[in-house]
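The structure appears below as structure tokens.
The values are calculated or read from the model by the stated rules, or taken from the named source; none is laboratory data. All of these numbers come straight from a predicted model, not from anything done at the bench. Methodologically, a virtual Cβ is constructed for each residue, glycine included, from the backbone with ideal geometry; neighbour enumeration extends over all protein chains shown.
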Amino acid sequence: MGFQYKNLTTINTWVFTILQNVEISGFNSEQVAEKAGLDNELLSNPDARIKIEDLAHLWQVIVEETGDECFGLKAGTNILPTTFHALGFALMVSNNLLDALKRLLRFYQIISNAIEIKSEYFKNTISYCLNPFDHMPQPADEDIDMAMASIVSFGRMLTNSELTPVKVELRRKAPANPQKFSEHFRSPIVFSAEKNRIIFKIKDMEKPLPFANAKIAKRNDQIIVEYLAHFSKDLITYKVHEKLIDILPMGESSIDMLARSIGLSTSSLQRCLKKENASYRGILNDIRRNLAADYLKQPTLSIIEVAFQLGYSDSSNFTRAFKRWFGISPKEYRKKYYSNNRGLVKNKLYLFFC
């Protein structure tokens, strides 16, 4: 989605994790929050959001109080699924880290809408770029440090492995003790870089996750979309996304049907989407493509059942669309997935039938 928000904010669960790490480090988090001018009532609501300027001030106070300009890195090593709200649980039940980070790209706005995340493929690697929007209030360096560190920490937790990036690039200047970054990432670090970027080997990202479950992932995706639609009342894109997920299993949808369901005329809906650099067809295809890949990894769903879940009236239309998206048929995709993950699929089938 190519739009930018008017108000840049971060969800409170992210702030909770920061303040928990203040306590872990031996400092009084309540005093730190009070000194930063944070509202206690606001902090008590896990669904509330904090302005990016207020969060930047909090980071400034933390660095002053602790004397640790690498504190964001420390916070990123002590994250929990709840740090990412519903997105954390969706990441846990993704098929692999590629799938999890693809989900992160789609829904990172639930954590912060001050950063844009993009992925780039090059040979046998994939990189994730986390960069603030130009000409907008900028997040603190420590916030970027925490975001970059949390990707690696969460990846290590999900795979129960020593996930190691190929390289990490940061726009920030080198701290007095850059060794802390090398120790966490265990890879070459470049400071004063053009962009914030973390690079992984694709083969390290393709290992299946032990708790992969497309149904649970879909439900958590819905919770995320519902949340985003609620706090982004000025953005029609999320409302369309939320409604389409609900109505797809009921059969073929149309923009006219969708417009009526959210109380707009078709022309008004099209104008609103255009303002947000989005379209009905683009959102519909994105949802179908992402769900199709998830559903086909469930051995208990037939291809015709997957087609119906995505709002197709028959499997032939679904197959044609799937070939456009992935270059192979649903049957070939499923066969390739099972072949690459034979042991994992066998264990899932055993648990399902026993």
Checklist entry - Between residues in region 114-125 that are among the aromatic types (F, W, Y) and residues that are at pLDDT 90 or above and loosely packed, with under 12 Cβ neighbours inside 10 Å, which pairs lie under 6 Å by C-beta distance while being six or more apart or on different chains? => result none
Checklist entry - L87 fails exactly one of the following numbered conditions: (1) surrounded by 22 or more Cβ atoms within 10 Å (Cβ to Cβ); (2) under 14 Å from P139 (Cβ atoms). What is the number of that condition? => result (2)
Next on the checklist: So if I check each of L269, L264, which one is surrounded by 15 or more Cβ atoms within 10 Å (Cβ to Cβ), modelled with pLDDT of 85 or more and not in a helix (DSSP H, G or I)?
Outcome noted: L264
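Could you grab me the full set of residues in region 288-297 that are buried (at least 19 other Cβ atoms within 10 Å of the Cβ) and either hydrophobic (A, V, I, L, M, F, W, C) or modelled with pLDDT under 85 (or both)?
Within region 288-297, L291, A292, A293, D294, L296, K297 meet the criteria.
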Checklist entry - Only one of Y238, Y280 is modelled with pLDDT under 80 and surrounded by 17 or more Cβ atoms within 10 Å (Cβ to Cβ); which? => result Y238
Checklist entry - Which residue out of K195, K180 is modelled with pLDDT under 95 and not in a loop (DSSP other than H, G, I, E, B)? => result K180
Item to check | Matching residues, region 34-82, being touching a residue at least 24 places away in the same chain (Cβ under 8 Å) and over 27 Å from the mean Cα position of the chain (by Cα) | outcome: K35, A36, V61, V63, E65, T66, D68
Checklist outcome for this item: Scanning region 90-100 residue by residue, the ones that are within 30 Å of P178 (Cα to Cα) and crowded, with 23+ Cβ neighbours inside 10 Å total 3
Next on the checklist: When you check I255 against the structure, is it in contact (Cβ under 8 Å) with a residue 24 or more places away in the chain and either assigned by TED's automatic domain parsing to the domain that holds N96 or β-branched (V, I, T) (or both), yes or no?
Outcome noted: yes
Checklist entry - Does Q109 qualify as being surrounded by fewer than 22 Cβ atoms within 10 Å (Cβ to Cβ), within 23 Å of the chain's Cα centre (by Cα) and not assigned by TED's automatic domain parsing to the domain that holds D286? => result no
Item to check | Residue list for region 21-34, restricted to those being assigned to a helix (DSSP H, G or I), closer than 15 Å to F71 by Cβ and either of a type outside the set (S, T, N, Q) or not assigned by TED's automatic domain parsing to the domain that holds Q60 (or both) | outcome: V22, E23, I24, V32, A33
Next on the checklist: Quick check on region 171-225: of everything there that is among the small types (G, A, S) and over 21 Å from the mean Cα position of the chain (by Cα), which residue is farthest from T237 (Cα to Cα)?
Outcome noted: A176
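Here are E69, E116: which of them is outside any helix (DSSP H, G or I), touching a helix residue (DSSP H, G or I) at 6+ places or on another chain (Cβ under 6 Å) and not assigned by TED's automatic domain parsing to the domain that holds G282? Working first, answer last.
Details: E116 fails: touching a helix residue (DSSP H, G or I) at 6+ places or on another chain (Cβ under 6 Å).
Within the list E69, E116, the selection yields E69.
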